[in-house]
Amino acid sequence: MALKTDAVGKTYPPVGYAVGREKIREYAAAVGEDGALHHDPEAARAAGYADVVAPPMFAVVYASKAVAPALFDPDVGIDFARMVHGGQDFVWGPPVVAGDEIATEVEVKDVADRGGLAFYVFESRSTNQDGETVCTGTWTNIVR
Amino acid sequence: MSALEPGQALPELRVTPDKYLTYRYAGASGDFNPIHIDEEFAKAVGLPGRILHGLWTMAQVARAVAAAGEGPEALRRLSVQFRGMGFPEQELAVTATVKAVEDGTAVIQAEVEQDGRRIIRKGEAELRVG
């Protein structure tokens, strides 16, 4: 079956995310990040941060909302019943702290058949309120 | 923390996700895919039962690697491939080895094993170390 590849290069409108202190704490607790900088605003301020600091993998929280519309886009045409998350890459910039306003843009980077498996690769670029890139994500989904 | 050297193994991270972990992580992350939180659904689609979120498991790799650095900004990059499924109530182990150190950045390889199965492989991280 020929793979539909015309969505490659398609971009989606930025999706905003307001980073909350309790959300950072909740996420940090769920993944076992128990360091004071993720939970205690006083400790974070003493270390030079404006508020509690998000663990790096918190990128999942602010970027996923932006990736979802691309994943579900009929133009991309993913067969969800057969989809698995094949790989993930994150590159981090400046830290994200409670109070930040993040905007994430997503692009369909690649759709390719590799040995009978369909690879769908999305790139997310998340920037903060100062225009700094806080995280670039590469999301690889495989459809069997 | 003494300087990292190529070939050096980082301290192994062992963690056992409890029975309710996938529900807490679903709420924390926003990923409510039923294969993670609905035993019957998971079995109906051919899985042995509810499986762990791959990105939760990846967060364990992030934790294990970042522990070798200084502060919340040390981890600069992390890349993994998900292979196999992880399950609640079984211990998993994150192992990591320093591959190279150059210009204040350590390149670290990592993988995750649970009950003899490698569920994350080809993990590669960049950690600022100086």
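The values are calculated or read from the model by the stated rules, or taken from the named source; none is laboratory data. Computed from a predicted model, the values in this text were never measured in an experiment. As a convention, Cβ positions derive from the backbone with ideal geometry for all residues, glycine included, and neighbour counts pool all protein chains shown.
Some notes on this structure:
- So B:A26, is it modelled with pLDDT under 95, part of a helix (DSSP H, G or I) and either out of contact with any Lys or Arg (no Cβ under 6 Å at 6 or more places or on another chain) or surrounded by 15 or more Cβ atoms within 10 Å (Cβ to Cβ) (or both): no
- Of the residues making up region B:42-62, those that are at the interface with another protein chain (Cβ under 8 Å from one of its Cβ atoms), of a type in the set (A, V, I, L, M, F, W, C) and more than 17 Å from A:F80 (Cα to Cα) number 5.
- The number of residues in region A:47-65 that are of a type in the set (D, E, K, R), at the interface with chain B (Cβ under 10 Å from one of its Cβ atoms) and farther than 28 Å from A:G9 by Cβ comes to 0.
- Which listed residue is out of contact with any helix residue (DSSP H, G or I) (no Cβ under 7 Å at 6 or more places or on another chain), within 11 Å of chain B (Cβ to nearest Cβ) and surrounded by 15 or more Cβ atoms within 10 Å (Cβ to Cβ), from A:A68, A:A44, A:A28: A:A68
- Qualifying positions in region A:86-118 - free of Cβ contacts under 8 Å to residues at least 40 places away in the same chain and either assigned to a loop (DSSP other than H, G, I, E, B) or surrounded by 21 or more Cβ atoms within 10 Å (Cβ to Cβ) (or both): A:G115, A:G116
- The set of residues in region A:1-38 being within 23 Å of the chain's Cα centre (by Cα), over 20 Å from A:P94 (Cβ atoms), assigned to a loop (DSSP other than H, G, I, E, B) and free of Cβ contacts under 8 Å to residues at least 60 places away in the same chain consists of A:G32, A:D34.
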